[in-house]
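Okay, structure first, notes after.
The values are calculated or read from the model by the stated rules, or taken from the named source; none is laboratory data. Computed from a predicted model, the values in this text were never measured in an experiment. A quick note on method: Cβ atoms are made from the backbone with ideal geometry, for glycine too, and the neighbour counts reach across all protein chains shown.
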Ligand SMILES: Nc1ncnc2c1ncn2[C@@H]1O[C@H](COP(=O)(O)OP(=O)(O)OP(=O)(O)O)[C@@H](O)[C@H]1O
Ligand SMILES: Nc1ncnc2c1ncn2[C@@H]1O[C@H](COP(=O)(O)OP(=O)(O)OP(=O)(O)O)[C@@H](O)[C@H]1O
Ligand SMILES: [Mg+2]
Ligand SMILES: [Mg+2]
């Protein structure tokens, strides 16, 4: 009996984490595959990965911030501003790499701003990033006079809309970033530190972890990820809109939290985050494939999410 | 010197809390009063209190949920659905009180749903209420077929748009609710319990506090507050729109967090929340008074919030 | 080349990518589309982008994956929709745009509503009502939304040219929302003891303003103008709460779009651009 | 025979794979103080938690006053008149002292649950006064030192009108003075027929206050003794299955040839009440003691760069240094074993291995900066063995260890980093008699290797056993400095108390 229970416990333990999410994903895929012939095609699945690539990219950074027990609400605005900067510099200088550099600089600047105010100004990051969300969105609007910045060269659509051997470039970028994120967070001391800071900041300080530096750094990372996300979006739409990525913070947070991270810090994984984003992406795509009418989509989506999480819980209890 | 220091410390301590917020409020008022002659009139101030009355009402409930360490993202949807239920029942039965009763029932139902799933389903409330936010919004849309529900009797505008001795009725309602909230949270054991649960749920259990019951209860309270807020909105506009109160969760959370509450639970006051809502309301109103252009409003608002909070911090360090 | 979706061989499937259903105007359009599609025996699938250009691009991709026969697109953003239209072109799916054009790709027909003109019509009526003199406040739509930019430009430019004595005292955003329309109007009323008119970028905000103005007991002095001619707004014009609104006939527009779609699928040629006539609704012609 | 207040029959409890209790019988006579003894991880706290409804037993029966009862929640326990002081602090930091004392038990007026603040604060003050401890019931618990928190916790349990009181290591971190007060109160309760279970690793205390003692080993009951009829050596043997040597050295080491390692000159932080000066030599073991709130921990934090200095200076090897962060301290090869393991020492959800290695993580990095999990495991197993961590499952979350074993992990974490100056704040908190010797040996080993060790402790015996010199703090001031030859319990006590 003892033996038995411990194997059960082991399974439960794994199910609690990523495998539970994987299970949900598989169940969803099977369900959708039975309901729509278009769903389970390589093309559609690759399409989903491209659709979630921006959320996924930013979620890597958000996970860092959430791990240390902070939050970043300004991700959507930052991505939009980075996109604008990229487009503007690109059309002005004619160089795509200069444009991307500009985006990254914006990302780092915003991240540093958020991080420094949170850490050294000792203001809750919710407030800091709520404020900067508005400020940055405003700057984007003023910069573009509210009008989308279009007329970018077709060649620029490589990152956002092109494929390599049939795989969307933006999916490849996101996967590479995920792998890097996975290594940093789960295989180096930096990940250990981030989790430690979020789990018990006092104990982290006394373990000689430089809390402040890591906190600022995680905001900078999320800023950079926003920059990449902003470039992807701009490239995909060949337009930098000051209102792009509105509400992105919720999509990103949903992926991270659904992936098992805790808003109070210290808990979360890259794989969970990736699965979280994938589940949401699959639900959205699946509902479109099933032509569920718009008003019902929100209901169905909510129900599926609840059912899925409950199912996971139920299994993990056994 | 020691003496001196302790008085300083005392002042600092108070400034850290509500008095700091009050200071911000006063400074803002003085600034705006100098820039617009219409700002510091009794009429305008009462106007602001009416404008924030819905946020304030819902924030009371949100504070309870935040205190126990949870979150409710579904407040906007719930308020909208409660408004629709109110309008529908009212026009069907012809009775305003039946309408309001219907709203409250919706509020309680949603609150129980969120609470039970969070507590007994052991799903993070972020996920539960994110899902229910969509589900409830969807129900509202399906119910009304996406169109606003109008043609309510003019007499129904009492709560939302009328005055008693020059004071807006909805402000009076909000203030009464605030006073009740103040007593319950700061003068009874229930408030102590909520804080204890959020600060250290294990210790609370050891102290024989029925955590689960209180958590569910706080979701029910926020549901009821949403119902009242929904009725207020419907009454003010004489219309129940399925898309009403979209994004309300952010406004409410901002007020609560700016008021000093912590997203990880255990910390927060009613007075702080009220001041938080008032500060945001004053900023919005002041900027409108000054006719600051929409693109710049977001920038200015963000800057003011940051400056205010930094100022408070600076003072509290002294 | 009538390919099929969902396995039912003969049915024509039309994908309708609508910008947002959180807006009366598009809800009306969608309802009309559903009714008309049923009448024509077409299968209509609507996806709502919730005013998010990226979501819309995604939804159009999903339509392409589903191999719909024809796409009706109501772009969130004329620029941002471009690449999705290109993708549809590439997949050989014909595209028709409604309300807003696509700035890229090949569109068989664009059914346009000129938002600038809507603003102009309101301005014209307002000048008439005010006798060319007075103070007006503006409630803007979502900052940066293309429709808001056009409705603003059309109105303001027309005033500048034709009625220099009408002063725009303030122009603030209320995000196309009725609640915000009311609360921003509260503020406007506080800081403007003298005000003759309010022009709102949509009827939602205008109706919110109506409630606010009524609460302040200033309906007699302030005239309110909106755009969209939603049922509520027409009612308000009829009973004198609003001065005017502009009908853009979303139902007519979508009916025409669906008819065009059938023509395209039958191989007929269609006009590249159709302007849906706008109609100013005032007390005289409200019904 | 006296009447039974409570009886446990065949209590079994397992956590996952770990069988914490393997069928324990236990009986409690009305009005007695019954000691529960055993090594770290023997199952003492688990038994307490089963009685109070924190854990549910997998098997077994509980009788309270001859009636079989089911205790599922702490509330059930309280209904039966059972109150407890838990080993790990269970106070709410963001509430005031008085609110904590009466949490779940508030004096209220009327039906609404309106708190009767006057009674709340007056009663709390009265209880605190009993301990002669200067704590304002209106202060936030977060502003208290560790020892003060312990006292609040005790008062909290006393404030419940209970017939059965369970005390799980209540005196850790308390000095003789507070322990005496506690015993006075316990004797008082005893006269009022309150029955108590008392867990402690200090056998002198047990002989002083307890009537009977039950020894647990490895989740099994070994025996129950009547205190009058048993010796300390017998108890120890029954607890750990062997005898341990007593090891008073009481002789000063010759430190004359040693260089000064660390020196404080009129050093003061914002929380210290007076400036402090002293020096520590290489290979010296310096003890620091004082009553609760004397300022030991503040000093410990200062030495580790975790306090806000106001004046004075710190010198290391004769050179003036500024310790503005814990990183600085680490750079000077200083280590701190903090006092509050739950708050300052551990990442409870994280594994034992991660906890042990986090402060010296560079050691387990490979050339590319990746973590070498095998090495991590090897190092932590080695360290765990030398400190007798039990069970030694390094992948297990540290929260699943017993209190004493958690403390060993905290000690392990800092010994891993190979420091030159080791500051230990109550290092043996909750550690059993057997394992304490291991830690003392470790400290002596450090000293032999020419490291300087500063031990903050409220346990006089420990310091007398271990140290080359003892400083006594009172209200943040050094009021005495004693060498082993001159140290006695009484002198330490009178210096700590002043007068
Ligand atoms: N939540 C838990 N999960 C898994 N194992 C646990 C848990 N709590 C306790 N244990 C295990 O149960 C055993 C008994 O622990 P317990 O805390 O009762 O010991 P103790 O006698 O109080 O020791 P100490 O003197 O160190 O406080 C230990 O092996 C411990 O690791
Ligand atoms: N976080 C804090 N904020 C304010 N005051 C504090 C804080 N921590 C400790 N103190 C105060 O500083 C003084 C010294 O406390 P310290 O913890 O150093 O004492 P100690 O000798 O270590 O006692 P203990 O036996 O409690 O560990 C005490 O009066 C205590 O109340
Ligand atoms: Mg124990
Ligand atoms: Mg201490």
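Of all residues in region D:299-310, how many are in contact with a strand residue (DSSP E or B) (Cβ under 7 Å, 6 or more places away or on another chain) and either within 14 Å of chain A (Cβ to nearest Cβ) or within 16 Å of ligand 3 (Cβ to nearest atom) (or both)?
Qualifying residue count for the region: 6.
Have a look at D:140, D:112 and point out the one that is within 16 Å of ligand 2 (Cβ to nearest atom) and either within 10 Å of another protein chain (Cβ to nearest Cβ) or more than 21 Å from residue D:170 (Cβ to Cβ) (or both).
Values: D:112 fails: within 16 Å of ligand 2 (Cβ to nearest atom).
Just a single option satisfies the conditions, and that option is D:140.
Condition check ((1) buried (at least 18 other Cβ atoms within 10 Å of the Cβ); (2) free of Cβ contacts under 8 Å to residues at least 24 places away in the same chain; (3) not in a loop (DSSP other than H, G, I, E, B)) across all residues:
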site: C:67; (1), (2), (3): no, no, no
site: C:122; (1), (2), (3): yes, no, yes
site: C:136; (1), (2), (3): yes, no, yes
site: C:153; (1), (2), (3): no, no, yes
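Within the bounds of region D:377-399, is there any residue that is within 16 Å of ligand 3 (Cβ to nearest atom), part of a helix (DSSP H, G or I) and away from chain A (no Cβ under 14 Å)?
Looking for residues that are within 16 Å of ligand 3 (Cβ to nearest atom), part of a helix (DSSP H, G or I) and away from chain A (no Cβ under 14 Å), one finds none in region D:377-399, hence no.
Considering only region D:47-62, state which residues are away from chain B (no Cβ under 14 Å) and either surrounded by 24 or more Cβ atoms within 10 Å (Cβ to Cβ) or away from ligand 1 (no atom under 13 Å from the Cβ) (or both).
Correct list: D:47, D:59, D:60, D:61, D:62.
Output the residue which, of all residues in region B:257-274 that are assigned to a helix (DSSP H, G or I) and within 14 Å of chain A (Cβ to nearest Cβ), is surrounded by the most Cβ atoms within 10 Å (Cβ to Cβ).
B:273
Of all residues in region D:132-173, count the ones that are more than 16 Å from ligand 1 (Cβ to nearest atom) and either under 18 Å from the mean Cα position of the chain (by Cα) or not in a loop (DSSP other than H, G, I, E, B) (or both).
20
Name the single residue that is surrounded by the most Cβ atoms within 10 Å (Cβ to Cβ) among those in region D:4-26 being more than 16 Å from ligand 1 (Cβ to nearest atom) and free of Cβ contacts under 8 Å to residues at least 60 places away in the same chain.
Among them, the one singled out is D:7.
Residues that are in contact with a helix residue (DSSP H, G or I) (Cβ under 9 Å, 6 or more places away or on another chain), under 30 Å from residue B:209 (Cβ atoms) and within 9 Å of another protein chain (Cβ to nearest Cβ): does region B:35-55 have at least one?
No, there is no match, as no residue in region B:35-55 is in contact with a helix residue (DSSP H, G or I) (Cβ under 9 Å, 6 or more places away or on another chain), under 30 Å from residue B:209 (Cβ atoms) and within 9 Å of another protein chain (Cβ to nearest Cβ).
In region D:407-427, how many are within 16 Å of ligand 3 (Cβ to nearest atom) and within 12 Å of chain A (Cβ to nearest Cβ)?
2
Tally up the residues in region C:83-107 that are surrounded by 22 or more Cβ atoms within 10 Å (Cβ to Cβ) and not in a loop (DSSP other than H, G, I, E, B), please.
Adding up the residues that qualify gives 9.
Does at least one position in region D:196-217 carry a residue that is in a helix (DSSP H, G or I), out of contact with any helix residue (DSSP H, G or I) (no Cβ under 9 Å at 6 or more places or on another chain), farther than 25 Å from residue D:345 by Cα and more than 16 Å from ligand 3 (Cβ to nearest atom)? Step through it out loud before you land on a result.
Filtering region D:196-217 down to residues in a helix (DSSP H, G or I) leaves D:203-209.
Still in the running and out of contact with any helix residue (DSSP H, G or I) (no Cβ under 9 Å at 6 or more places or on another chain): none.
Checking region D:196-217: not a single residue is in a helix (DSSP H, G or I), out of contact with any helix residue (DSSP H, G or I) (no Cβ under 9 Å at 6 or more places or on another chain), farther than 25 Å from residue D:345 by Cα and more than 16 Å from ligand 3 (Cβ to nearest atom).
Report whether or not residue C:168 is more than 24 Å from residue C:19 (Cβ to Cβ), within 12 Å of another protein chain (Cβ to nearest Cβ) and out of contact with any helix residue (DSSP H, G or I) (no Cβ under 8 Å at 6 or more places or on another chain). So that I can check it myself, show each step before the final result.
On the way: more than 24 Å from residue C:19 (Cβ to Cβ): yes; within 12 Å of another protein chain (Cβ to nearest Cβ): yes; out of contact with any helix residue (DSSP H, G or I) (no Cβ under 8 Å at 6 or more places or on another chain): no.
Considered against the rule, which asks whether it is more than 24 Å from residue C:19 (Cβ to Cβ), within 12 Å of another protein chain (Cβ to nearest Cβ) and out of contact with any helix residue (DSSP H, G or I) (no Cβ under 8 Å at 6 or more places or on another chain), residue C:168 comes out as no.
Kindly indicate whether any position in region C:176-198 is within 28 Å of residue A:247 (Cα to Cα), within 11 Å of chain B (Cβ to nearest Cβ) and part of a loop (DSSP other than H, G, I, E, B).
Yes - at least one qualifying residue is present in region C:176-198.
I'd like the full set of residues that are within 12 Å of residue A:187 (Cβ to Cβ) and touching a residue at least 12 places away in the same chain (Cβ under 8 Å), limited to region D:348-372.
D:364 - this is the single residue of region D:348-372 that is within 12 Å of residue A:187 (Cβ to Cβ) and touching a residue at least 12 places away in the same chain (Cβ under 8 Å).
Only one of (1) within 16 Å of ligand 1 (Cβ to nearest atom); (2) surrounded by fewer than 21 Cβ atoms within 10 Å (Cβ to Cβ); (3) closer than 24 Å to residue A:268 by Cα; (4) under 19 Å from the mean Cα position of the chain (by Cα) is not met by residue D:343, so which one is it?
With (1) within 16 Å of ligand 1 (Cβ to nearest atom); (2) surrounded by fewer than 21 Cβ atoms within 10 Å (Cβ to Cβ); (3) closer than 24 Å to residue A:268 by Cα; (4) under 19 Å from the mean Cα position of the chain (by Cα) applied to residue D:343, the lone miss is (1).
Which ones in region D:264-286 are within 14 Å of ligand 4 (Cβ to nearest atom) and under 12 Å from residue D:473 (Cβ atoms)?
Across region D:264-286, the qualifying residue is only D:272.
Buried (at least 20 other Cβ atoms within 10 Å of the Cβ), under 26 Å from residue D:200 (Cα atoms) and either in contact (Cβ under 8 Å) with a residue 24 or more places away in the chain or within 14 Å of chain B (Cβ to nearest Cβ) (or both): is that true of residue D:98 in this structure?
Against the criterion (buried (at least 20 other Cβ atoms within 10 Å of the Cβ), under 26 Å from residue D:200 (Cα atoms) and either in contact (Cβ under 8 Å) with a residue 24 or more places away in the chain or within 14 Å of chain B (Cβ to nearest Cβ) (or both)), residue D:98 does not qualify.
Restricting attention to helices (runs of 4 or more DSSP H) lying wholly within region B:180-256, give those where 3 or more residues are more than 14 Å from chain D (Cβ to nearest Cβ). I'd like the intermediate steps shown before the answer.
Details: elements: B:189-199, B:201-206, B:211-237.
Correct list: B:211-237.
Where the second residue is in a loop (DSSP other than H, G, I, E, B) and within 16 Å of ligand 3 (Cβ to nearest atom) and the first is in contact (Cβ under 8 Å) with a residue 60 or more places away in the chain and in the same structural domain as residue D:439 (by TED's automatic domain parsing) and lies in region D:417-429, which pairs have Cβ atoms under 7 Å and are six or more apart or on separate chains?
Close Cβ pairs (under 7 Å, with a partner that is in a loop (DSSP other than H, G, I, E, B) and within 16 Å of ligand 3 (Cβ to nearest atom)) amount to D:426/D:173; D:429/D:172; D:429/D:173.
Could you say whether any residue in region C:27-46 is under 23 Å from residue A:234 (Cβ atoms), at the interface with another protein chain (Cβ under 10 Å from one of its Cβ atoms) and outside any helix (DSSP H, G or I)?
No, there is no match, as no residue in region C:27-46 is under 23 Å from residue A:234 (Cβ atoms), at the interface with another protein chain (Cβ under 10 Å from one of its Cβ atoms) and outside any helix (DSSP H, G or I).
Before we move on, is residue D:417 away from ligand 2 (no atom under 16 Å from the Cβ), in contact with a helix residue (DSSP H, G or I) (Cβ under 9 Å, 6 or more places away or on another chain) and within 21 Å of residue A:204 (Cβ to Cβ)?
The answer is yes for residue D:417.
Mind checking which residues of region B:140-153 are more than 9 Å from chain C (Cβ to nearest Cβ) and either part of a helix (DSSP H, G or I) or within 17 Å of residue C:50 (Cβ to Cβ) (or both)? Explain how you work it out, then say what you get.
Filtering region B:140-153 for residues more than 9 Å from chain C (Cβ to nearest Cβ) gives B:140, B:142-144, B:149, B:152-153.
Correct list: B:140, B:142, B:143, B:144.
Name the strands (runs of 3 or more DSSP E) wholly inside region D:17-93 in which the number of residues that are under 25 Å from the mean Cα position of the chain (by Cα) is 2 or more.
Here the list reads D:18-29, D:33-37, D:82-85.
Given the options D:180, D:191, name the one that is out of contact with any helix residue (DSSP H, G or I) (no Cβ under 8 Å at 6 or more places or on another chain), away from ligand 1 (no atom under 16 Å from the Cβ), within 29 Å of residue D:76 (Cβ to Cβ) and more than 14 Å from chain B (Cβ to nearest Cβ).
Working: D:180 fails: within 29 Å of residue D:76 (Cβ to Cβ).
Within the list D:180, D:191, the selection yields D:191.
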